[in-house]
Structures are given as structure tokens and as C-alpha cells.
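The values are calculated or read from the model by the stated rules, or taken from the named source; none is laboratory data. Quantities reported herein were computed from a predicted structural model and do not represent experimental measurements. Every residue, glycine among them, receives a Cβ derived from its backbone with ideal geometry; neighbour counts consider all protein chains shown.
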């Protein structure tokens, strides 16, 4: 039997925690289910701070942003550990933490297509139902991908 590959875009908030809990409840007992946590971040600009004394004033800000990226990657590892603690084996979970080259919707769709994921679990903040189908990440993914199950948790 082919593995069920599940992509979970993760953006470090309580709604993503609900998405993780959904995946745990729905798929942890299925030994052929493999989960990938996904985060595409805005890349830091490359600045040669030695080229101009004025640019050296940016050093602390750049160091802070670099540290924030490290913390976000650690957050993905922590989310993986949460899944392991709740029924997934370590070999069934991984993560992708990459620089964003395009819109987040395009990054998610490219990851889903390249990785042959059969399920994408998205989360969203509760709001009016009409917002779900408005323009945005969710609607672009829902209207573009074919042969992929898209679950939206609130």
C-alpha cells in the first residue's frame, strides 16, 4: 500500500496547533501516513556591513532576525516532537524550512506537487465563512490543486 503523504504548512500559532492535533487524531494510528511540516520564510537581505559604516548600524537588527529564524526552525522541531509524543514515530515525520521564493500559496502548491502529497492540512483563524472563499492562500490552493485532499481546520 502506498504511503499517505501529508503536508502541514506551519506558521507558529494556536491555529496550527489545532491542525497538528487534527493530523495526530486522524493519522497517527495509520502506519503508512507520513507527515511533513512546512514553513517558507522571507529571506534575510544580504548586506555587506563592512562596505559602508552606515550599514554597520543594521548589524544588531540582522543578528536579531537571524536568531528569530533559528527560533522558528526550533519551533518546527518542537512541533515534530509534539507529534512524536502523541503517536507518530520519528521516521514518519520530517520538516521543510526554506526561503520563500514566491507567494506562500505557490510555495505550498509547489511543495505538494514535487513531494507527491495526497493531503494538505491548512489552518485558518475563525471568521466569516465567506472569507474562507475569498482571495488568499486557502482559495488559491483549493482552486488550483487537483487530486489532493485539502483539509482546513479552524
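Per-structure values
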read-out	value
Helices (runs of 4 or more DSSP H) contained entirely in segment 31-140, each with at least 2 residues that are at pLDDT below 95, more than 15 Å from the chain's Cα centre (by Cα) and over 20 Å from residue 20 (Cα atoms)	59-85, 129-132
Inter-residue pairs, beta-carbon under 9 Å, first at positive phi and in segment 81-105, second surrounded by 13 or more Cβ atoms within 10 Å (Cβ to Cβ) and part of a loop (DSSP other than H, G, I, E, B), 6+ apart	87/28
Residues satisfying the stated conditions in segment 1-43, i.e. within 23 Å of residue 105 (Cβ to Cβ) and exposed (fewer than 13 other Cβ atoms within 10 Å of the Cβ)	13, 14, 42, 43
